[in-house]
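Remarks on the structure that follows.
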Amino acid sequence: MLELRAGSLADTHAIAAAVAELSRPGDLIVLAGEMGAGKTAFAKGFGAALGVTEPITSPTFTLVHTYDIAPGPGPGRGAKALHHADLYRLDRTAEIADLALDELAEYQGIVLVEWGDVADALFGDHLVVQLESDVFADDDLDADVDGEVDALADSIRLIEISASGANWAPRWSRLVEACEAFRC
């Protein structure tokens, strides 16, 4: 497990960019954490690193948003789309299965799943990004346009990254190296 500390939104985006840099088509990444922990903030930094140019918003009500990835070399090499899912409103395993997230990943896509920890056992190989926001001054909370609360100046976000399955094993040491500045 990789334990990281992000002292700002920019740090969260930098960690997300490090993960995006090593992501490949077919990857499924679970974003876990309480409301306001930074899951959508992480997704925004991840998408920006992949070259997504449209605004990344929380898919809470639509369940899945799909964004085109700019072609060419760089993060997410060869991926054509970033699929951003949110399982918060789903109650049953069948509803999650109906989203066909594994299939989205298979077709040259990378899938980010907010609240994916509720269905962790349904996914094959995947990366888990657990976010926890430790806010020192509640008065400094600000909601973004999606309604997600991002702790601004006086917060530290703790991020734990772990891999389930063997997909990330060949990339793990490079991920640790890329995140060295944020290690706890």
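Values in this text are rule-based calculations from the coordinates and carry no lab data. None of the values given here were measured: they were computed from a predicted structure. Cβ sites come from the backbone with ideal geometry, for glycine too, and all protein chains shown count toward neighbours.
Values computed for the structure shown
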| quantity | calculated |
| --- | --- |
| Contour excess over end-to-end distance, with Cα ends at Asp102 and Ala169 and 0.36 nm allotted per residue | 22.2 nm |
| Virtual spin-label span in nm between Glu54 and Tyr88, 7 Å along Cα→Cβ | 2.1 |
| Potential lengthening between Cys184 and Met35 on full extension [0.36 nm per residue; Cα-Cα distance subtracted] | 51.4 nm |
| Sequence ranges 30-43, 157-170, ranked by mean other-Cβ count within 10 angstrom, highest first | 30-43, 157-170 |
| Rough spin-label spacing in nm, given labels placed 7 Å along Cα→Cβ, for Glu3 and Glu177 | 2.4 |
| Cut-off under 5 Å, modelled amide H: who pairs with Asp27 long-range | Val111 |
